[in-house]
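Written out below as C-alpha coordinates is the structure these notes cover.
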Amino acid sequence: MTDSPQLERLLALAEAALARLDAALPPPLPQPDWQAAVAFRWRKTNGRGWLQAVRHPHPIRLSDLETIDDQKERITANTRQFVAGNPANNVLLTGSRGSGKSSLVKAMLNEFSAKGLRLIEVDKDDLVDLADIIDLLEGRPEKFIIFCDDLSFEAGETAYKALKSVLDGSVAAPPDNVLIYATSNRRHLMPEYFSENLETHTVNDEIRPGETTEEKVSLSDRFGLWISFYPFSQEDYLAVFQHWARELGVPEKVIADSEREALNWSLGRGSRSGRVAWQFAKDLAGRQKPAKKKTK
(Lines give C-alpha, C1' and ligand atoms only; values in the text may rest on other atoms or scores of the structure.)
Protein backbone atom coordinates (compact mmCIF):
# COMPACT_ATOMS: atom_id res chain seq x y z
CA MET A 1 0.00 0.00 0.00
CA THR A 2 1.23 3.50 -0.83
CA ASP A 3 0.13 4.80 2.60
CA SER A 4 2.13 2.23 4.58
CA PRO A 5 5.45 4.18 4.86
CA GLN A 6 3.55 7.36 5.82
CA LEU A 7 1.48 5.47 8.43
CA GLU A 8 4.58 3.89 9.90
CA ARG A 9 6.20 7.32 10.13
CA LEU A 10 3.15 8.74 11.94
CA LEU A 11 3.14 5.83 14.37
CA ALA A 12 6.83 6.31 15.08
CA LEU A 13 6.27 10.02 15.77
CA ALA A 14 3.35 9.21 18.07
CA GLU A 15 5.42 6.67 20.02
CA ALA A 16 8.26 9.17 20.39
CA ALA A 17 5.83 11.84 21.64
CA LEU A 18 4.32 9.40 24.15
CA ALA A 19 7.79 8.44 25.37
CA ARG A 20 8.68 12.11 25.99
CA LEU A 21 5.37 12.66 27.76
CA ASP A 22 5.90 9.58 29.94
CA ALA A 23 9.38 10.82 30.91
CA ALA A 24 7.92 14.18 31.95
CA LEU A 25 5.27 12.67 34.21
CA PRO A 26 6.11 12.12 37.90
CA PRO A 27 6.89 8.53 38.85
CA PRO A 28 4.06 6.50 40.39
CA LEU A 29 3.77 6.87 44.14
CA PRO A 30 4.80 3.86 46.23
CA GLN A 31 2.07 1.62 47.56
CA PRO A 32 1.96 1.14 51.34
CA ASP A 33 4.10 -1.72 52.57
CA TRP A 34 1.89 -2.85 55.44
CA GLN A 35 4.48 -5.36 56.63
CA ALA A 36 7.27 -2.79 56.89
CA ALA A 37 6.00 -0.81 59.88
CA VAL A 38 3.22 -0.33 62.41
CA ALA A 39 3.13 3.46 62.02
CA PHE A 40 2.81 5.61 58.90
CA ARG A 41 2.71 9.29 57.93
CA TRP A 42 0.60 10.79 55.15
CA ARG A 43 2.93 12.66 52.78
CA LYS A 44 2.24 14.83 49.75
CA THR A 45 4.32 14.88 46.56
CA ASN A 46 3.32 16.98 43.55
CA GLY A 47 -0.13 17.33 45.04
CA ARG A 48 -0.57 13.58 45.47
CA GLY A 49 -0.65 11.82 48.81
CA TRP A 50 0.99 8.58 49.91
CA LEU A 51 1.72 6.68 53.12
CA GLN A 52 5.31 6.72 54.35
CA ALA A 53 6.37 4.00 56.77
CA VAL A 54 7.78 5.17 60.11
CA ARG A 55 10.68 2.83 60.72
CA HIS A 56 11.26 3.81 64.35
CA PRO A 57 8.02 4.77 66.15
CA HIS A 58 8.22 6.49 69.53
CA PRO A 59 8.82 3.72 72.09
CA ILE A 60 6.87 5.30 74.96
CA ARG A 61 4.90 2.84 77.11
CA LEU A 62 1.81 3.21 79.25
CA SER A 63 3.95 2.61 82.33
CA ASP A 64 5.99 5.71 81.43
CA LEU A 65 2.96 7.99 81.83
CA GLU A 66 2.58 9.07 85.43
CA THR A 67 -0.31 10.85 87.22
CA ILE A 68 -2.88 10.39 84.42
CA ASP A 69 -4.31 7.04 85.45
CA ASP A 70 -7.95 7.93 84.74
CA GLN A 71 -7.12 9.12 81.23
CA LYS A 72 -5.07 5.98 80.59
CA GLU A 73 -7.89 3.72 81.68
CA ARG A 74 -10.48 5.42 79.48
CA ILE A 75 -8.48 5.49 76.26
CA THR A 76 -7.10 1.97 76.86
CA ALA A 77 -10.61 0.56 77.29
CA ASN A 78 -11.78 2.27 74.08
CA THR A 79 -8.75 1.06 72.11
CA ARG A 80 -9.07 -2.47 73.46
CA GLN A 81 -12.70 -2.57 72.28
CA PHE A 82 -11.62 -1.32 68.86
CA VAL A 83 -8.84 -3.88 68.43
CA ALA A 84 -11.20 -6.66 69.52
CA GLY A 85 -13.64 -5.70 66.77
CA ASN A 86 -16.23 -4.25 69.15
CA PRO A 87 -17.86 -0.81 68.81
CA ALA A 88 -15.56 2.03 69.88
CA ASN A 89 -15.48 5.82 69.65
CA ASN A 90 -13.37 8.45 67.99
CA VAL A 91 -11.41 10.22 70.73
CA LEU A 92 -10.64 13.89 71.38
CA LEU A 93 -7.95 14.52 74.00
CA THR A 94 -7.95 18.12 75.21
CA GLY A 95 -6.34 20.18 77.92
CA SER A 96 -3.17 21.79 79.11
CA ARG A 97 -0.03 21.58 77.02
CA GLY A 98 2.62 19.00 77.82
CA SER A 99 0.28 16.91 79.95
CA GLY A 100 0.67 13.65 77.99
CA LYS A 101 -2.06 13.77 75.32
CA SER A 102 0.13 12.87 72.34
CA SER A 103 2.25 10.46 74.35
CA LEU A 104 -0.87 8.57 75.40
CA VAL A 105 -1.91 8.00 71.77
CA LYS A 106 1.58 6.78 70.90
CA ALA A 107 1.51 4.46 73.90
CA MET A 108 -1.69 2.91 72.52
CA LEU A 109 0.23 1.84 69.42
CA ASN A 110 2.95 0.19 71.48
CA GLU A 111 0.35 -1.48 73.69
CA PHE A 112 -1.75 -2.96 70.87
CA SER A 113 0.42 -3.16 67.74
CA ALA A 114 1.00 -6.87 68.28
CA LYS A 115 -2.78 -7.31 68.07
CA GLY A 116 -3.04 -5.59 64.71
CA LEU A 117 -3.28 -1.90 65.63
CA ARG A 118 -1.66 0.58 63.24
CA LEU A 119 -1.20 4.35 63.52
CA ILE A 120 -1.36 6.87 60.68
CA GLU A 121 -0.31 10.46 61.44
CA VAL A 122 -2.01 13.14 59.37
CA ASP A 123 -1.18 16.86 59.55
CA LYS A 124 -4.02 19.31 59.90
CA ASP A 125 -3.34 20.75 56.43
CA ASP A 126 -3.80 17.30 54.90
CA LEU A 127 -7.19 16.57 56.44
CA VAL A 128 -8.73 17.31 53.05
CA ASP A 129 -7.25 13.96 52.00
CA LEU A 130 -9.02 11.95 54.71
CA ALA A 131 -11.44 10.35 52.26
CA ASP A 132 -8.51 9.16 50.10
CA ILE A 133 -6.70 7.80 53.15
CA ILE A 134 -9.75 5.86 54.30
CA ASP A 135 -10.13 4.38 50.82
CA LEU A 136 -6.63 2.89 51.25
CA LEU A 137 -7.53 1.41 54.64
CA GLU A 138 -11.01 0.09 54.04
CA GLY A 139 -11.14 -3.68 53.88
CA ARG A 140 -7.71 -4.18 55.44
CA PRO A 141 -7.50 -6.74 58.29
CA GLU A 142 -5.60 -4.32 60.55
CA LYS A 143 -7.19 -1.71 62.81
CA PHE A 144 -6.11 1.87 62.07
CA ILE A 145 -6.01 4.96 64.26
CA ILE A 146 -5.72 8.16 62.25
CA PHE A 147 -3.79 10.50 64.55
CA CYS A 148 -4.20 14.28 64.27
CA ASP A 149 -1.89 15.99 66.76
CA ASP A 150 -2.33 19.52 68.11
CA LEU A 151 -5.52 20.02 66.16
CA SER A 152 -7.18 23.44 65.99
CA PHE A 153 -8.70 25.59 63.31
CA GLU A 154 -8.69 29.32 62.80
CA ALA A 155 -11.57 31.35 61.43
CA GLY A 156 -11.81 30.92 57.67
CA GLU A 157 -10.20 27.49 57.50
CA THR A 158 -12.26 24.84 55.78
CA ALA A 159 -10.28 21.65 56.40
CA TYR A 160 -12.49 20.99 59.43
CA LYS A 161 -15.36 20.23 57.08
CA ALA A 162 -13.48 17.22 55.72
CA LEU A 163 -12.92 16.03 59.27
CA LYS A 164 -16.59 16.48 60.16
CA SER A 165 -17.62 14.49 57.11
CA VAL A 166 -15.39 11.55 57.99
CA LEU A 167 -16.39 11.59 61.66
CA ASP A 168 -20.11 11.47 61.17
CA GLY A 169 -21.38 13.31 58.16
CA SER A 170 -20.80 11.41 54.94
CA VAL A 171 -23.38 9.42 53.03
CA ALA A 172 -20.94 6.49 53.26
CA ALA A 173 -20.76 4.63 56.55
CA PRO A 174 -17.36 4.93 58.27
CA PRO A 175 -15.31 1.72 57.99
CA ASP A 176 -15.18 -0.51 61.06
CA ASN A 177 -11.37 -0.63 61.03
CA VAL A 178 -10.69 3.12 61.30
CA LEU A 179 -10.93 5.54 64.24
CA ILE A 180 -9.70 9.11 64.60
CA TYR A 181 -7.76 10.16 67.71
CA ALA A 182 -7.04 13.90 67.92
CA THR A 183 -5.30 16.08 70.49
CA SER A 184 -5.95 19.76 71.03
CA ASN A 185 -5.51 22.53 73.57
CA ARG A 186 -9.04 23.69 72.64
CA ARG A 187 -12.12 21.75 73.63
CA HIS A 188 -14.10 23.00 70.62
CA LEU A 189 -11.12 23.04 68.23
CA MET A 190 -11.96 26.51 66.91
CA PRO A 191 -11.69 30.03 68.41
CA GLU A 192 -14.79 31.42 70.09
CA TYR A 193 -15.64 35.05 70.76
CA PHE A 194 -17.94 36.85 73.17
CA SER A 195 -19.65 38.47 70.21
CA GLU A 196 -20.87 35.06 69.05
CA ASN A 197 -23.22 34.94 72.03
CA LEU A 198 -25.15 37.91 70.66
CA GLU A 199 -27.87 35.80 69.08
CA THR A 200 -30.18 38.75 68.39
CA HIS A 201 -27.58 41.17 67.03
CA THR A 202 -25.57 41.31 63.85
CA VAL A 203 -21.85 40.62 64.24
CA ASN A 204 -19.65 41.45 61.25
CA ASP A 205 -22.74 41.26 59.04
CA GLU A 206 -23.64 37.82 60.46
CA ILE A 207 -27.37 37.90 61.15
CA ARG A 208 -27.43 34.85 63.44
CA PRO A 209 -23.96 34.51 64.99
CA GLY A 210 -25.28 31.85 67.37
CA GLU A 211 -25.60 29.47 64.44
CA THR A 212 -21.93 30.02 63.66
CA THR A 213 -21.12 29.02 67.22
CA GLU A 214 -23.20 25.86 66.85
CA GLU A 215 -21.26 25.02 63.69
CA LYS A 216 -18.00 25.23 65.61
CA VAL A 217 -19.18 23.19 68.57
CA SER A 218 -20.62 20.49 66.31
CA LEU A 219 -17.14 19.40 65.24
CA SER A 220 -15.99 18.37 68.71
CA ASP A 221 -19.42 16.84 69.36
CA ARG A 222 -18.71 14.26 66.67
CA PHE A 223 -15.97 12.71 68.80
CA GLY A 224 -17.71 10.12 70.93
CA LEU A 225 -15.14 10.18 73.73
CA TRP A 226 -13.70 13.34 75.28
CA ILE A 227 -10.69 12.93 77.58
CA SER A 228 -9.57 16.00 79.50
CA PHE A 229 -6.10 16.76 80.88
CA TYR A 230 -5.31 19.25 83.62
CA PRO A 231 -2.28 21.21 84.83
CA PHE A 232 0.10 19.21 86.99
CA SER A 233 0.36 19.77 90.71
CA GLN A 234 3.82 20.11 92.20
CA GLU A 235 3.67 16.50 93.39
CA ASP A 236 2.64 15.27 89.94
CA TYR A 237 5.43 17.21 88.29
CA LEU A 238 8.07 15.82 90.65
CA ALA A 239 6.74 12.27 90.23
CA VAL A 240 7.14 12.51 86.47
CA PHE A 241 10.62 14.01 86.78
CA GLN A 242 11.69 11.20 89.14
CA HIS A 243 10.35 8.52 86.80
CA TRP A 244 12.23 9.82 83.77
CA ALA A 245 15.40 10.49 85.77
CA ARG A 246 15.42 6.85 86.89
CA GLU A 247 14.74 5.68 83.32
CA LEU A 248 17.75 7.74 82.18
CA GLY A 249 20.00 6.21 84.81
CA VAL A 250 20.35 9.13 87.24
CA PRO A 251 21.37 7.92 90.72
CA GLU A 252 18.72 8.06 93.43
CA LYS A 253 20.72 10.46 95.59
CA VAL A 254 21.10 12.88 92.71
CA ILE A 255 17.36 12.68 92.03
CA ALA A 256 16.53 13.43 95.66
CA ASP A 257 18.99 16.33 95.79
CA SER A 258 17.64 17.82 92.55
CA GLU A 259 14.00 18.41 93.50
CA ARG A 260 14.49 22.12 94.20
CA GLU A 261 16.35 22.53 90.93
CA ALA A 262 13.53 20.71 89.14
CA LEU A 263 10.99 23.14 90.60
CA ASN A 264 13.11 26.14 89.61
CA TRP A 265 13.34 24.72 86.10
CA SER A 266 9.54 24.61 85.88
CA LEU A 267 9.31 28.20 87.17
CA GLY A 268 11.68 29.30 84.44
CA ARG A 269 9.52 27.60 81.84
CA GLY A 270 6.30 28.98 83.32
CA SER A 271 4.74 25.53 83.36
CA ARG A 272 4.59 22.36 85.41
CA SER A 273 3.92 19.58 82.94
CA GLY A 274 5.09 16.15 81.96
CA ARG A 275 6.98 17.60 79.02
CA VAL A 276 8.88 20.07 81.21
CA ALA A 277 9.66 17.31 83.72
CA TRP A 278 11.03 15.12 80.90
CA GLN A 279 13.17 17.98 79.61
CA PHE A 280 14.69 18.63 83.02
CA ALA A 281 15.33 14.91 83.54
CA LYS A 282 17.22 14.81 80.23
CA ASP A 283 19.26 17.86 81.22
CA LEU A 284 20.09 16.35 84.61
CA ALA A 285 21.04 12.99 83.09
CA GLY A 286 23.26 14.69 80.54
CA ARG A 287 25.21 16.45 83.30
CA GLN A 288 26.09 13.24 85.12
CA LYS A 289 29.60 11.96 84.80
CA PRO A 290 29.75 8.58 83.06
CA ALA A 291 30.63 5.71 85.35
CA LYS A 292 34.28 4.69 85.21
CA LYS A 293 34.93 1.34 83.67
CA LYS A 294 36.37 -1.19 86.08
CA THR A 295 39.88 -2.28 85.26
CA LYS A 296 40.74 -5.93 85.45
Which one is nearest to A245 (Cα to Cα), of the residues in the stretch 27-71 that are among the acidic types (D, E) and not in a loop (DSSP other than H, G, I, E, B)? D64
All but one of (1) β-branched (V, I, T); (2) in a loop (DSSP other than H, G, I, E, B); (3) at pLDDT 55 or above hold for V128; state the number of the condition that does not hold. (2)
Condition check for R187: under 24 Å from D70 (Cβ atoms), at pLDDT 90 or above and surrounded by fewer than 17 Cβ atoms within 10 Å (Cβ to Cβ): no
Of all residues being in contact with a Phe, Trp or Tyr (Cβ under 6 Å, 6 or more places away or on another chain) and of a type in the set (A, V, I, L, M, F, W, C) in the stretch 260-276, which is surrounded by the most Cβ atoms within 10 Å (Cβ to Cβ)? Just the residue, please. A262
Out of (1) at pLDDT below 60; (2) of a type in the set (A, V, I, L, M); (3) within 28 Å of L151 (Cβ to Cβ), the odd one out for I207 is which? (3)
Kindly indicate whether N90 is polar (S, T, N, Q) and over 22 Å from S228 (Cα atoms). no
Over the stretch 241-278, the set of residues over 21 Å from G100 (Cα atoms), assigned to a helix (DSSP H, G or I) and of a type in the set (A, V, I, L, M, F, W, C) is V254, I255, A256
Would you mind stating whether L65 is closer than 11 Å to Y181 by Cβ, of a type in the set (A, V, I, L, M) and at pLDDT below 95? no
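Are any residues in the stretch 236-266 charged (D, E, K, R), in contact (Cβ under 8 Å) with a residue 24 or more places away in the chain and over 16 Å from I60 (Cβ atoms), and if so, which ones?
The answer is D236, and nothing else.
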Cβ pairs under 6 Å, 6+ apart or interchain, first in the stretch 267-294 and closer than 16 Å to A239 by Cα, second modelled with pLDDT under 90 and in a helix (DSSP H, G or I), ordered by first then second residue, are V276/R269
Spot the failing condition for R80; the list is (1) under 18 Å from A182 (Cβ atoms); (2) modelled with pLDDT of 95 or more; (3) not hydroxyl-bearing (S, T, Y), and only one is missed. (1)
Filter result (closer than 14 Å to S266 by Cβ and either touching a Lys or Arg at 6+ places or on another chain (Cβ under 6 Å) or in a loop (DSSP other than H, G, I, E, B) (or both)) within the stretch 230-240: P231, F232, S233, Y237
Which ones in the stretch 43-98 are of a type in the set (D, E, K, R) and without any contact (Cβ under 8 Å) to a residue 40 or more places away in the chain? R43, R48, R55, D69, D70, K72, E73, R80
Search the stretch 110-125 for residues being more than 25 Å from A162 (Cα to Cα) and of a type in the set (A, V, I, L, M, F, W, C), and hand back the single one that is surrounded by the fewest Cβ atoms within 10 Å (Cβ to Cβ). A114
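The values are calculated or read from the model by the stated rules, or taken from the named source; none is laboratory data. Fair warning: this is a prediction, and the values are worked out from it, not measured in the lab. In this analysis, Cβ positions are derived from the backbone assuming ideal geometry, glycine residues included, and neighbour counts consider all displayed protein chains.
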